[in-house]
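What follows is a single structure, written as structure tokens, with notes after it.
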Amino acid sequence: MNFDLSEEQRLLESSLDRFLAERCPVARVRELFDSGEGLDETLWRGLSELGVMGLHLPEEYGGSGLELLDLAVVAEAFGRHATPGPFLEHVLGGLAIALGGSEEQRSRWLPGLASGELRVSLALAEGEDRWQPEQWQLPGGARVSGVKEHVPHASGADLFVVGLHGGTLGLVEGSDPGLRGEPLEILDRSRPLSRLHLDGAGCDLLPRGAEAAPRMRDAGLVLLAADACGGGIACLDLAVAYAGTREQFGVKIGSFQALKHQLADMAIHIHPARGLFWFAAHAFEHVPEESAVSAALAKAHLTDRFLDVARASVEAHGGIGYTWECDVQFWLKRAVFDRAFLGDPSCHRRRVAEQMDWSE
Amino acid sequence: MDFSFGSEYEAFRETVRVFLGENWPLRGEEADLSESERARRFRRRATEAGYLYRNIPRRFGGSEQPPDLLEAQILREEFGRARAPMELTGQGPQMVVPTLLEWGTEWQQERFIPKTVEGDYVWCQGYSEPGAGSDLASLQTRGERVGDEWVIHGQKIWTTHWNRAQYMFALVRTEPDASKHEGISYLLLEMDQPGIDVRPLKQITGASEFAEVFFDGARTPADWIVGERGQGWRVSRSLLKHERNMLGSGARAQGLFRSLIRLATRVERQGHKAVDDPMVAEKLVELMGYVRSQQYSSYIQLTRELQGGESGLLPLLNKIGNSNIAQQISSIALSLLGSDSLLAPGANPRGTTSGNEKWMNQFMGSLGESIAGGTSNIQRNIIAERGLGLPRQESPASKDEAGGER
């Protein structure tokens, strides 16, 4: 019986924490946030050198052959540091090709994705919140035309994994003349989104795309849940630190019981929920029959709790919490992103309910 | 990450299953015995087999097994699955016995433990007082040494099992000149005596599980003190080390959640099972997020305990996590009950009602759960001060309290 991270995973966690504290401290997050660039090339190269981008990809294609839990440890660290950049969609795009691609597609794309020399994005969502594979309507084929919503870091992506009608997947190259990205005004400026117009763009279908798509979605839910867990704990830590320094009525505000109780409630919301994404990540490879339900449950619960805790953290900071100057805003906006991306909690709870046999 | 218990433990699980298959439920003539007698006989057998009262020496009626968190977990799972009785619950077996094992003299252990384990001795607790609730250490009931007896004056409140208990374990101020926490002793006493007056309290449900207990010169022998004079506070705080106290937390929430699911499967709404209503199902899944969090948190604590590590904040979050879940469950149950919630539980003869109204006991009970054993607000103080490291609030009594533990 061992329900905990391994020695190696803890090592990965602490080395990433050190790396991010040094290379992307919150002051740098603020710069990227203000500029709206989202992508920091130096940071991207540094993370790629750490092996983060191919952690989960097969070794024969330059990856490390590790599992979703390892990737989730990375995602949690990114959430903790509110790290900007195209991590989520990149690792999910690689996963989709590894799971659903032909030998030729895998050897063409995976080594570049694993090393970070190439960058992939995801074009999944359609209007009316159609994030799930069974909801995609964009007709597939050698050429595809239509619109995809909320495509992250579209600008400069070498490749797009595109969700197609029938719940399958295709690859469209970033250089295709039939592609046009239309940047959106976004809330979480650390992860820019675009509307992607496809006009007869060349599309290379993944032969096992229909099997890969729900798996990729489940992995995405786990990574968003992990990000939310890290982000939620960061919000609590920020509020606790503020309560321990700010003084009013001649004492630290952290000595007031009303604030203590608010902070305790934040801890009650977020800390015990970490096991949800641990188990869902573990189930992805090891308990396949529970994978879909546990991923959806983790995403729904943790992203809701992240938003609760982020809101409470803003409130605990008082007036300063409502300013652009206060760092909590990065996490509050990240919480909204984590909650909505790949479908909101309500959508995933309904999916869980449909798969539950309550009579057991 | 590895959820298996390993082959050695799976073999243990198999042995337990075989034992349960052969011994529960009781068969033949024994099947007709009263429920409590069946449970008593089964417990005796399960103890002989080494499955119950594992931390109690054989000479005191236990099975004297080395502490093993995984075996304890397997026993909980397998006994739960077979719906077989586990150890007696209540303040005698769960509080007095471990306290006596750690602090009692040999004769106290011999005198009280075996019959408490067997269920012959029922205990009630004399801790809270009208003026000493969350601030328990300010208790004022006083005990004076007169000859070879303690003579006790004062009042206790929230005493459960008052109608069945032969004995009380009580915190009493015996050293009036010592500081708040150092002046208390842990005394055992007989309930049936002229100096004790028990007055039942009618509680919010209408039942009277609690009583006020008045002491007017109640007496108990000098050697019925557990630990030394003035050590009572420490004696009363020291029973959280045993394997059974470890988990439970996750299992309880799951059990209650399963009952709620059964209710939602049974109750109909406009010709459909409530559970098939998407709004209800979504609520249930939201709750499931909390229930599973609690379960996984207990696995993490178990893992770290097995490896001798620290669980940080998590253990401090168990009680309030459970209370919050019980509260959410009662709120969903209440909306599932509809008009059945208008009926008093138990008061209506079966046949005229659906039986669902017994959930109103859970509803009321969930309120009690956030109060008993340290209110949720006290839990929040503990989480904030011990877990998050926030400064203690300045209060008139804080200087005195600084030396004590809560």
Quickly run through segment A:312-360 and pick out the residues that are farther than 24 Å from A:Leu124 by Cβ and within 14 Å of chain B (Cβ to nearest Cβ).
-> A:Ala312, A:Ser313, A:Ala316, A:Met356, A:Asp357, A:Trp358, A:Ser359, A:Glu360
Would you point out the residue of segment B:230-280, among those that are among the basic types (Lys, Arg) and part of a helix (DSSP H, G or I), that is modelled with the lowest pLDDT?
-> B:Arg244
With respect to the numbered conditions (1) among the hydrophobic types (A, V, I, L, M, F, W, C); (2) within 9 Å of another protein chain (Cβ to nearest Cβ); (3) open to solvent by 30 Å² or more (accessible area, probe 1.4 Å), which one is the sole condition not fulfilled by A:Ala243?
-> (3)
Applying the selection to segment A:54-65, what residues are part of a loop (DSSP other than H, G, I, E, B) and crowded, with 19+ Cβ neighbours inside 10 Å?
-> A:Leu55, A:His56, A:Leu57, A:Gly63
When residues of segment A:266-277 are limited to those that are facing chain B (nearest Cβ under 7 Å) and not aliphatic (A, V, I, L, M), the one most open to solvent (accessible area, probe 1.4 Å) = A:His271
Segment B:37-57, subset of a type in the set (Ser, Thr, Tyr) and part of a loop (DSSP other than H, G, I, E, B), residue surrounded by the fewest Cβ atoms within 10 Å (Cβ to Cβ) = B:Tyr53
Residue satisfying condition, being part of a loop (DSSP other than H, G, I, E, B) and of a type in the set (D, E, K, R), within set A:Glu128, A:Glu104 = A:Glu128
In segment A:107-119, the residues that are in a helix (DSSP H, G or I) and open to solvent by 40 Å² or more (accessible area, probe 1.4 Å) | A:Ser107, A:Arg108, A:Pro111, A:Ser115
Mind counting the residues in segment B:250-292 that are open to solvent by less than 10 Å² (accessible area, probe 1.4 Å), within 18 Å of B:Asn356 (Cβ to Cβ) and more than 8 Å from chain A (Cβ to nearest Cβ)?
-> 3
Which of the following residues is within 14 Å of chain B (Cβ to nearest Cβ) and among the hydroxyl-bearing types (Ser, Thr, Tyr): A:Ser35, A:Ser6?
-> A:Ser6
Count, please, the residues in segment B:1-34 that happen to be part of a helix (DSSP H, G or I), open to solvent by 60 Å² or more (accessible area, probe 1.4 Å) and either under 15 Å from B:Gly50 (Cα atoms) or among the polar types (S, T, N, Q) (or both).
-> 5
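Yes or no, residue by residue, for (1) more than 14 Å from chain A (Cβ to nearest Cβ); (2) over 27 Å from B:Glu305 (Cα atoms); (3) not polar (S, T, N, Q):
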site: B:Ala31; (1), (2), (3): yes, yes, yes
site: B:Glu35; (1), (2), (3): yes, yes, yes
site: B:Ala49; (1), (2), (3): yes, no, yes
site: B:Leu52; (1), (2), (3): yes, no, yes
site: B:Pro57; (1), (2), (3): yes, no, yes
site: B:Gly62; (1), (2), (3): yes, no, yes
site: B:Arg76; (1), (2), (3): no, no, yes
site: B:Thr89; (1), (2), (3): yes, no, no
site: B:Gln94; (1), (2), (3): yes, no, no
Extreme residue, farthest from B:Ser298 (Cα to Cα), among residues of segment A:253-308 that are among the β-branched types (Val, Ile, Thr) and assigned to a helix (DSSP H, G or I) = A:Ile253
Picking from B:Val151, B:Val97, the residue that is assigned to a helix (DSSP H, G or I), farther than 27 Å from B:Asn381 by Cα and not basic (Lys, Arg) would be B:Val97
Exactly one of B:Gln379, B:Gln307, B:Gln295, B:Gln393 is among the polar types (S, T, N, Q), within 14 Å of chain A (Cβ to nearest Cβ), more than 30 Å from A:Ala353 (Cα to Cα) and crowded, with 19+ Cβ neighbours inside 10 Å, and that residue is B:Gln379
Among (1) under 21 Å from A:Leu124 (Cβ atoms); (2) open to solvent by 10 Å² or more (accessible area, probe 1.4 Å); (3) within 14 Å of chain B (Cβ to nearest Cβ), where does A:Leu297 come up short?
-> (2)
If we scan segment A:200-217, do we find a residue that is assigned to a strand (DSSP E or B), facing chain B (nearest Cβ under 10 Å) and open to solvent by 10 Å² or more (accessible area, probe 1.4 Å)?
-> no
Restricting segment A:120-137 to residues that are in contact (Cβ under 8 Å) with a residue 60 or more places away in the chain and not hydrophobic (A, V, I, L, M, F, W, C), the one surrounded by the fewest Cβ atoms within 10 Å (Cβ to Cβ) turns out to be A:Asp129
Among residues of segment A:145-158, those that are surrounded by 24 or more Cβ atoms within 10 Å (Cβ to Cβ), in a strand (DSSP E or B) and aliphatic (A, V, I, L, M), counted = 1
Determine, yes or no, whether A:Val161 is within 30 Å of A:Gly141 (Cβ to Cβ), open to solvent by less than 10 Å² (accessible area, probe 1.4 Å) and aliphatic (A, V, I, L, M).
-> yes
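The values are calculated or read from the model by the stated rules, or taken from the named source; none is laboratory data. Everything numeric in this text was worked out from a predicted model, so none of it was measured. Methodologically, a virtual Cβ is constructed for each residue, glycine included, from the backbone with ideal geometry; neighbour enumeration extends over all protein chains shown. Quick note on the areas: whole protein, heavy atoms, side chains included, nothing else; ligands and nucleic acids left out. Shrake-Rupley method; radii C 1.70, N 1.55, O 1.52, S 1.80 Å.
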